[in-house]
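Notes follow once the structure below has been shown.
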Amino acid sequence: MKPDLLSFTSKGIYCAAADVYLDPWRPVDKAIISHAHADHSRFGNKKYIAHHHSVPVMKHRLGTINIQGVSWNDPFSVNGVEFTLYPAGHIIGSSLIKVQHKGEIALFTGDYKLENDGLSTPLEMQRCHTLITECTFGLPIFRWKPQQEVFSEIENWWSFNQQNSFTSVIYAYSLGKAQRLLHHLQSTHGTILVHPAIAAVNESLSNIVSFKNVITLTADKNPIDYPGALLVLPPSGGEAKYLRKWGELRTASASGWMVTRGNRRRRNVDRGFVISDHCDFDALNTCIKYSEAEKVICTHGFTDIYSKYLREIGFNAGTEHAEFEEEEVENSTDLPVQ
């Protein structure tokens, strides 16, 4: 990678020619943000640039910030360097960031997925000279079923629980996975109640997408009024005391990590539904081959193993350290009374 295009620094991925960072993990003057998850969109930057659909969520999560919303496929220039955002398919508003300067093209994926979830704008993979990619699920054991099969499994599980007077609880990230579940499950079998953290994200997205018949779960809600309900909570919500009054629970987690039984045991859930907002192993390979990249840099996930695999199949691949996390951090367990 030419040093005048992109480099990895202690603050983040840096474009020196534009004096701008991509998803920085330390405060900087100007940041281009791939999506609104907390590990990619952090507090403290003087100016943010992101896709229009990410703006309301970033404002909700970061407070008063100086942010410019841009459109996909609409190039903009910073100090003579051309940047273009393309849909990444990860969550609503998620973007690939394409950088062009002096004949060189670099592409930063942020987080991305190939499967069209019916809610996020589908991925538009781009060709480039240098590709900076996540590989969160860069092992052959991670291969996803078609999402409709998984949603059918969830519906059947929920229906079984209703027939046996159990309350169904499914854990999902408040931004991304929760909206995907609601989009596919709302009004299918009964009432869905969501944690206030999820409800707040839904509200920030209300000009983009709406969810009918979804109720905010507060501590004063009476389970008698919602027989057979499905509760959608952040991953950290399982320890909350308010769950006790909802009777006998059946719990599940919706995550790509549910491929392995060990992860299900560690999360202390009855069921694991394998559904992810990241590329699986095959999708990663498909996207990287499509990019025709002369150099591939793996930034987070199974970086060493996956980059070794890429070298074995003919790519010039390596790794760089980035302070992105494999999962979104969630830390909300308490419910307000409304």
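Within the range 216-250, how many residues are in a loop (DSSP other than H, G, I, E, B) and either of a type in the set (A, V, I, L, M, F, W, C) or surrounded by fewer than 19 Cβ atoms within 10 Å (Cβ to Cβ) (or both)?
12
GLY110 fails exactly one of the following numbered conditions: (1) out of contact with any His (no Cβ under 6 Å at 6 or more places or on another chain); (2) assigned by TED's automatic domain parsing to the domain that holds LYS295. What is the number of that condition?
Failing condition for GLY110: (1).
Within the range 251-267, can you find the residues that are in a helix (DSSP H, G or I), surrounded by fewer than 19 Cβ atoms within 10 Å (Cβ to Cβ) and not basic (Lys, Arg)?
Matches in the range 251-267: GLY262, ASN263.
Tell me whether the range 299-321 contains one or more residues that are modelled with pLDDT under 95 and either surrounded by fewer than 20 Cβ atoms within 10 Å (Cβ to Cβ) or closer than 27 Å to HIS195 by Cα (or both).
Yes.
I'd like the residue in the range 285-323 that is part of a strand (DSSP E or B) and touching a Leu at 6+ places or on another chain (Cβ under 6 Å) and, out of all such residues, is nearest to THR130 (Cα to Cα).
VAL296
Could you say whether any residue in the range 62-77 is in the same structural domain as ASP117 (by TED's automatic domain parsing) and closer than 18 Å to ALA197 by Cβ?
Yes; the residues of the range 62-77 include at least one that is in the same structural domain as ASP117 (by TED's automatic domain parsing) and closer than 18 Å to ALA197 by Cβ.
Given the criterion without any contact (Cβ under 8 Å) to a residue 24 or more places away in the chain, part of a helix (DSSP H, G or I) and at negative phi, identify the matching residue among GLU155, GLU149.
Going through GLU155, GLU149 in turn, just one is without any contact (Cβ under 8 Å) to a residue 24 or more places away in the chain, part of a helix (DSSP H, G or I) and at negative phi: GLU149.
I'd like the full set of residues that are touching an Asp or Glu at 6+ places or on another chain (Cβ under 8 Å) and small (Gly, Ala, Ser), limited to the range 256-298.
Residues satisfying the conditions are GLY256, ALA283.
Taking LEU107 as meeting all but one of (1) at pLDDT 95 or above; (2) closer than 30 Å to LYS245 by Cβ, write down the number of the exception.
The one condition LEU107 does not meet is (2).
Please go through the range 258-273 and pick out each residue that is free of Cβ contacts under 8 Å to residues at least 24 places away in the same chain, within 16 Å of LEU181 (Cβ to Cβ) and not small (Gly, Ala, Ser).
Selection gives MET258 alone.
Among the residues of the range 14-32, write down those that are in contact (Cβ under 8 Å) with a residue 40 or more places away in the chain, among the aliphatic types (A, V, I, L, M) and either in a loop (DSSP other than H, G, I, E, B) or over 16 Å from THR84 (Cβ atoms) (or both).
Passing the criteria: ALA17, ALA18.
The values are calculated or read from the model by the stated rules, or taken from the named source; none is laboratory data. Owing to the predicted nature of the structure, the values given are computational and were not obtained by experimental measurement. Every residue, glycine as well, gets a Cβ built from its backbone with ideal geometry; the counts of neighbours run over all protein chains shown.
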